[in-house]
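Trainee: If you scroll down you'll find the structure; I have some questions about it.
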Amino acid sequence: MKVLVLGAGVVGTAAAWYLARDGHEITVIDRCPGAGLETSFANGGQVSPSHAEPWANPSVLPKVLKWLGREDAPLLFRWNRWDPALWAWGLRFLANCPGKRAEINLERTLRVALYSRTCLQELRAETGMDYDQRSLGILHVYRDRRQFDHAAAAADLMGRWGLRRLEKSAKDCVAIEPALAASADQLAGGIHTPEDESGDAHKFTTALAVLAEARGVQFRYGVTVRALVQDGDRVTGVETDSGRLTADAIVLAAGSFSPLLARSLGLRLPVVPAKGYSITLPVEGDGAPTVSITDDEYKMVYSRLGNRLRAAGTAEMTGYDTSLTPARWHLIRDRAKALFPLAGDYSKAEPWAGLRPVTPDSVPLLGATPVKGLYLDTGHGTLGWTMACGSGRIIADVIAGREPEIEMAGLGLERF
Ligand SMILES: Cc1cc2nc3c(=O)[nH]c(=O)nc-3n(C[C@H](O)[C@H](O)[C@H](O)COP(=O)(O)OP(=O)(O)OC[C@H]3O[C@@H](n4cnc5c(N)ncnc54)[C@H](O)[C@@H]3O)c2cc1C
């Protein structure tokens, strides 16, 4: 079968890899000059099913109200823009906040994330690929006792669905990650997920693209898709700035830009961009963590990537703007410095911003659509790197007509 994959981020590249194993003729199209150069470029580096709690949950509304208008808010809505897609998304987000809904969404995300973590581990064993990975688990740390107790309850719930999470005292946290000693007096406790991992998503994506090319996948970089082309009830190809390409099947994996392309077929995808920032600095001495850390209060994550430290976080609903607002990335730098003062020279921190493709329920959009031949692999939000391999394998199964290895209920567009 001739398959076009739209987008060479971590999600599209992983899909191409798994599709190639089925012997299809695959072409991946991306407007960038290489793989993984947009949102998959400098993310938090975590492979973290432990981070599966959806943004929409009962505790978020009081927090968002408290943060309104504050430039240092972990989640910032800039509602002064008249954007009907953002408002429609916001209403659906609100509908997903009640506890029962949040629990359903947590299970769905965790289902994909856990499966994906296993797929990634198998892929690594099969290919021997190296992307500054570390399999030391992820430690969530808490300063506030109430937040710690809330997280412990969520950890119990995740435990029921197969994620091993262990409660730790502040002293235990420092034993797991000695670089926390410098800020131990701030901590109320932590939760350790020993099987979670970290690594450089961009290195992973470029390495996987090379492996996929060796399997016959063609990557067409520097090509912009303008629209999808339909004949009757079936998608037949794409219109690009370099001409028309035809296909038997198309996988839409264009991250935050997926809804703009789907619109050309009249499909409305509830995915909006949520801007986040990271900094990357060279590590000096032994003050930087080696275990990946999540600071739940500030919604920040830390990953050690070789001799670099990556700190990432915050979310800003501000459309497709990727400019680096100094106040926002300085916030990341200053919070990183407060937790790990001796990690390195913070004046050398390199800032970056990317657009997470977020759905209102935090569950990705996977599988077939009402348009025959068009498949979705998008909307992975905060966990695109975590869920890329599992999602790619699912899409390959669906296109091949095989039963995916996990239950697909609640993962597709039909839930909206
Ligand atoms: C600050 C931050 C921290 C994060 N931390 C983590 C983390 O620790 N763990 C985790 O799992 N996830 C994390 N994420 C989320 C993760 O990075 C994303 O979910 C993931 O990168 C999305 O991958 P993607 O392939 O769907 O999108 P992208 O990487 O954006 O790829 C989409 C590709 O489609 C191409 N494209 C779009 N439109 C067109 C077009 N019209 N024509 C041609 N090409 C097109 C783009 O050029 C791009 O290369 C983080 C995100 C941010 C912003």
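Trainee: Sequence-distant or interchain residues sharing an amide H contact under 5 Å with Gln230, placed H: which?
Mentor: Residues meeting the amide H criterion: Thr236.
Trainee: Further, regarding this structure: Over segment 328-395, calculate the relative contact order: mean separation of alpha carbon pairs under 8 Å at least 6 apart, over the residue count, as a percent. Kindly include the intermediate steps, with their values, before the conclusion.
Mentor: Values: 61 pairs, mean separation 16.6, N = 68.
Relative contact order for segment 328-395 comes out at 24 percent.
Trainee: Starting from 0.36 nm per residue, how many nanometres of slack lie between Leu342 and Ile104 once their C-alpha separation is accounted for?
Mentor: On the way: separation 238, 0.36 × 238 = 85.68 nm, distance 4.09 nm.
Length difference between fully extended and current span is 81.6 nm.
Trainee: Provide Tyr18, Tyr302 in ascending order of the number of other Cβ atoms located within 10 Å of each residue's Cβ, fewest first.
Mentor: Numbers: Tyr18 23, Tyr302 30.
Going from least to most buried by this count: Tyr18, Tyr302.
Trainee: Binning every alpha carbon pair distance of segment 330-416 at 5 Å from zero, what are the percents per bin?
Mentor: That works out to 3, 12, 19, 17, 11, 9, 7, 8, 8, 5, 1, 0, in percent per bin.
Trainee: May I ask you to derive the relative contact order of the chain, considering only C-alpha pairs under 8 Å and at least 6 residues apart, and to give it as an integer percent? It would help to have the intermediate numbers written out before the result.
Mentor: Numbers: 965 pairs, mean separation 112.4, N = 416.
Reported relative contact order: 27 percent.
Trainee: Restricting attention to the chain, give the cysteines that have no other cysteine Cβ less than 4.7 angstrom from their Cβ.
Mentor: By the Cβ distance rule, which asks for a partner under 4.7 Å, the isolated cysteines are Cys32, Cys97, Cys173.
Trainee: Okay, moving on. So between Asp22 and Ala184, what do we pick up on full extension, going 0.36 nm a residue minus the alpha carbon distance?
Mentor: Numbers: separation 162, 0.36 × 162 = 58.32 nm, distance 5.05 nm.
Stretched fully, the Asp22-Ala184 segment lengthens by 53.3 nm.
Trainee: Compute the length gained on full extension between Arg160 and Glu126: take 0.36 nm times their separation in residues and subtract their Cα-Cα distance, giving the result in nm to one decimal.
Mentor: Working: separation 34, 0.36 × 34 = 12.24 nm, distance 2.98 nm.
Using 0.36 nm per residue and subtracting the Cα-Cα distance, I get 9.3 nm.
Trainee: From the cross-link list Lys100/Lys299; Lys66/Lys100; Lys63/Lys372; Lys171/Lys275, which pairs have alpha carbons spaced over 30 Å apart? Let's see the in-between values first.
Mentor: Working: Lys100/Lys299 23 Å; Lys66/Lys100 23 Å; Lys63/Lys372 42 Å; Lys171/Lys275 34 Å.
Violating the 30 Å Cα-Cα cut-off are Lys63/Lys372; Lys171/Lys275.
Trainee: Using DSSP, restrict attention to beta bridges with both residues in the chain and report what percent are antiparallel, rounded to the nearest 5.
Mentor: So the antiparallel bridges in the chain amount to around 70 percent.
Trainee: Another one. If you place +1 on the Cβ of every Lys and Arg, -1 on the Cβ of every Asp and Glu, and leave all else neutral, what size is the dipole of segment 170-241 about its Cα centre, to the nearest 20 Debye? All intermediate terms of the calculation are to be shown ahead of the outcome.
Mentor: Numbers: 6 positive and 12 negative charges, 56 e Å.
That gives segment 170-241 a dipole magnitude of about 260 debye.
Trainee: Take peptides 248-254, 56-62, 286-292, 377-383 and line them up by average Cβ neighbours within 10 Å, highest first, as a rough protection proxy.
Mentor: Numbers: 248-254: 26.3, 56-62: 15.6, 286-292: 19.7, 377-383: 28.4.
Peptide ranking by packing, descending: 377-383, 248-254, 286-292, 56-62.
Trainee: Let me ask something else. Just from its helices, what would the mean residue ellipticity at 222 nm be for the chain, if runs of 4 or more DSSP H residues each count -39500 (n - 2.57) and the sum is divided by every residue, rounded to the nearest 500 deg cm²/dmol? Don't jump to the answer; show the numbers that get you there.
Mentor: Numbers: 10 runs with 133 residues, N = 416.
Here the helix-only value at 222 nm equals -10000 deg cm²/dmol.
Trainee: Additional query: Ranking request for peptides 331-341, 91-101: highest mean number of other beta-carbon atoms within 10 Å first, then the rest in descending order.
Mentor: On the way: 331-341: 18.8, 91-101: 14.6.
My ranking of the peptides, most packed first, is 331-341, 91-101.
Trainee: Something else: Between Ala327 and Thr246, what is the label-point separation in nm under the 7 Å Cα-to-beta-carbon projection?
Mentor: Going by the 7 Å Cα→Cβ label model, 5.4 nm.
Trainee: Which residues in segment 336-356 have a backbone N closer than 13 Å to a point placed 7 Å from the Cα of Gln147 along the Cα-to-Cβ line?
Mentor: Answer for this model: 336, 339.
Trainee: State, to one decimal in nm², a quarter of the convex hull surface area for the C-alpha atoms of the chain, i.e. the direction-averaged projected area.
Mentor: Its Cα hull, projected and averaged over all orientations, spans 18.5 nm².
Trainee: A further question on this structure: Report the charge-dipole magnitude of the chain in Debye, nearest 20, computed about the Cα centre from +1 at each Lys and Arg Cβ and -1 at each Asp and Glu Cβ. Before the final figure, lay out each step's value.
Mentor: Values: 47 positive and 48 negative charges, 158 e Å.
Dipole of the chain, to the nearest 20 debye: 760 debye.
Trainee: Here is a further query. Given charges of +1 on the Cβ of Lys and Arg and -1 on the Cβ of Asp and Glu, with all other atoms neutral, how large is the dipole of segment 367-408 about its Cα centre, in debye to the nearest 20?
Mentor: Values: 3 positive and 5 negative charges, 31 e Å.
Charge dipole, segment 367-408, about its Cα centre: 160 debye, nearest 20.
Trainee: Please name whichever of Pro62, Thr39, Met1 sits farthest to the positive end of the charge dipole of segment 1-153, dipole taken about the Cα centre and charges placed at Cβ: Lys and Arg +1, Asp and Glu -1.
Mentor: Final value for the positive-end residue is Pro62.
Only the coordinates and a few stated rules stand behind these numbers; no lab work does. Note that this is a predicted model, so its numbers are computed, not measured. Heads up, the Cβs are rebuilt from the backbone with ideal geometry, glycines too, and the neighbour counts pull from every protein chain shown.
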